[in-house]
Ligand code: BES
Ligand code: MN
Ligand code: ZN
């Protein structure tokens, strides 16, 4: 993992392989471009350029636009051989600080552009502010990510350039490995709050990386059993209690949803319970993740073009797993139980058929009209089971519906809830964490289309508003008096487009930071 240090060094004197500075949009020119303006923190670097850095950047075509990256060789007077100017977008009003998400994204874009470099010094406009320092640290660490486990050759194990080079030559990692060391300048390394922020940023980034790695792992290398084994190993390492129900125990326990969805696969289902407790905890939180390690659709098979990325269908479980470990590592004063509802949805002679009726763990019966609406089936069982522990709140996370992607796009997750105030709190919490989300309703008129002539409920309803129907379905398995939120992360969980900000291609670790922030706020007595 990328190492993090806080530094009071000047951007000019820092020993590093690259120094990152910020550049904002200045004047709007006639042709629609903007002139770049050097941001706070880069004074010493600008001085070494003879005060001409803005002009030089403009000559190179820089405009200060968000995420724009311009690399230039450092002049004498700057110790690092490379200067990287990263765009911050529109500058805030005079005297106002940059928002944390702007800094996070800029630092992330810079860190990505420095893949293959050993040490980067980040001289962005933080001005000693702990929140800003945290944002830069988080963004840089989140941007310094690569998934190389399945590359052949030396991929991922590069040992870098160990030669002692006294000249001004950037030391490089082999194989374009992520930036190995991040130094945040303008920070206060001896300040307690700054130290805590750095520690939190490292834990967050590492746990987001855990979730991303799990999502990126191909489905022939991650199945319910191996996922559960990873949870057991991490539990041992971080002092969590981990219980795993295998397919026999699930059948015996009456987990009709998990057993039904998993029965078509050679890789049987698992239900994992991870619990973290703090002796001084006053509140408890249950987190439930959809963990379909591969979603082929089952007998209602997905067509080509819709199944290539369906290894991402365990992103909810990955987020829950990572968040519980993060809470433990941060020692939060809250009790958290994480539930991973793990199954592989495959078509076969033993698979559930459209028309089958399942008896769920709750005792309710479900007519499976579409085997591709499997997430709600495994989640329903996990929600019922999680409720038995009487947590103060329930939050489930799932790549549940394509309809949610149609509604909110690829960067925003939807939030549904049985409690409007709680839904608002979760939305605000996501915003604080730097994740885009939006509250959605669960209109009761959509329930009627899920009436079944043979069972208590069918697993699909109207096509229109499909994401909301899925939420309504889950609601049937949640106690009415417990605040519950359903996060549909089908859009942001997996990035099929180009990387942006601190978000890589592939698994993104969506919802991890929101869940951790939710745990923190619960621990601080701000929720529930
Ligand atoms: N895992 C999918 C949803 C999904 C779609 C996740 C796109 C990520 C990206 C889910 O199991 C599914 O197939 N949902 C169906 C439900 C439908 C049959 C009611 C869907 O959205 O088409
Ligand atoms: Mn499906
Ligand atoms: Zn699915």
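The values are calculated or read from the model by the stated rules, or taken from the named source; none is laboratory data. Note that the coordinates shown come from a computational prediction; the quantities given were computed from them, not determined experimentally. For neighbour counting, all protein chains shown are included, and Cβ atoms are generated from backbone atoms with ideal geometry for every residue, glycine included.
Just a few scattered comments:
- The range 287-305 - residue that is within 11 Å of ligand 1 (Cβ to nearest atom) and surrounded by 24 or more Cβ atoms within 10 Å (Cβ to Cβ) and, of those, farthest from residue 496 (Cα to Cα): 298
- Restricting the first member to the range 461-484 and to residues that are within 16 Å of ligand 3 (Cβ to nearest atom), and the second to residues that are assigned to a loop (DSSP other than H, G, I, E, B), the beta-carbon pairs closer than 6 Å and six or more apart or on different chains are 466/401; 467/401; 469/461; 470/400; 470/401; 471/442.
- The strands (runs of 3 or more DSSP E) found wholly in the range 6-90 and carrying at least 1 residues that are free of Cβ contacts under 8 Å to residues at least 60 places away in the same chain and under 29 Å from the mean Cα position of the chain (by Cα) occupy 69-73.
- When residue 520 is tested against (1) in a helix (DSSP H, G or I); (2) in contact with a strand residue (DSSP E or B) (Cβ under 8 Å, 6 or more places away or on another chain); (3) over 30 Å from residue 115 (Cβ atoms), just one condition goes unmet, and that condition is (2).
- Qualifying position, being surrounded by 24 or more Cβ atoms within 10 Å (Cβ to Cβ) and within 16 Å of ligand 2 (Cβ to nearest atom), among 490, 458, 403: 490
Condition check ((1) more than 16 Å from ligand 1 (Cβ to nearest atom); (2) in contact with a helix residue (DSSP H, G or I) (Cβ under 6 Å, 6 or more places away or on another chain); (3) in the same structural domain as residue 361 (by TED's automatic domain parsing); (4) touching a residue at least 12 places away in the same chain (Cβ under 8 Å)) across all residues:
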position: 221; (1), (2), (3), (4): yes, no, no, yes
position: 235; (1), (2), (3), (4): yes, no, yes, yes
position: 244; (1), (2), (3), (4): yes, yes, yes, yes
position: 252; (1), (2), (3), (4): yes, no, yes, no
position: 256; (1), (2), (3), (4): yes, no, yes, yes
position: 307; (1), (2), (3), (4): no, no, yes, yes
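- Evaluation of residue 270 against the conditions (1) closer than 30 Å to residue 238 by Cβ; (2) within 16 Å of ligand 2 (Cβ to nearest atom) shows that the sole unmet condition is (2).
- Odd one out for residue 61, checked against (1) at negative phi; (2) out of contact with any strand residue (DSSP E or B) (no Cβ under 7 Å at 6 or more places or on another chain): (1)
- Residue 254 vs. criteria more than 16 Å from ligand 2 (Cβ to nearest atom) and surrounded by fewer than 17 Cβ atoms within 10 Å (Cβ to Cβ): yes
- Scanning the range 352-371 for residues that are within 18 Å of residue 294 (Cα to Cα) and either outside the structural domain of residue 463 (by TED's automatic domain parsing) or crowded, with 21+ Cβ neighbours inside 10 Å (or both) turns up 352, 371.
- Subset of the range 337-352 [more than 15 Å from ligand 2 (Cβ to nearest atom) and more than 18 Å from residue 398 (Cα to Cα)]: 348, 349, 350
- Residue that is more than 30 Å from residue 201 (Cβ to Cβ) and either away from ligand 3 (no atom under 14 Å from the Cβ) or in a helix (DSSP H, G or I) (or both), where the choices are 358, 394, 340: 358
- Condition met for residue 99 (within 22 Å of residue 435 (Cα to Cα) and assigned by TED's automatic domain parsing to the domain that holds residue 188): yes
- Verdict on residue 253 being over 21 Å from residue 319 (Cβ atoms) and in contact with a strand residue (DSSP E or B) (Cβ under 9 Å, 6 or more places away or on another chain): yes
- For the range 219-328, the helices (runs of 4 or more DSSP H) that sit wholly inside it and include 1 or more residues that are within 15 Å of ligand 3 (Cβ to nearest atom) are 224-238, 256-262.
- Residues in the range 427-448 that are in a helix (DSSP H, G or I) and touching a helix residue (DSSP H, G or I) at 6+ places or on another chain (Cβ under 7 Å): 429, 430, 432, 433, 446, 447.
- Residue 340 assigned by TED's automatic domain parsing to the domain that holds residue 456 and touching a helix residue (DSSP H, G or I) at 6+ places or on another chain (Cβ under 8 Å): yes
- Any hit, the range 445-454, residues being in the same structural domain as residue 327 (by TED's automatic domain parsing), crowded, with 24+ Cβ neighbours inside 10 Å and more than 16 Å from the chain's Cα centre (by Cα): no
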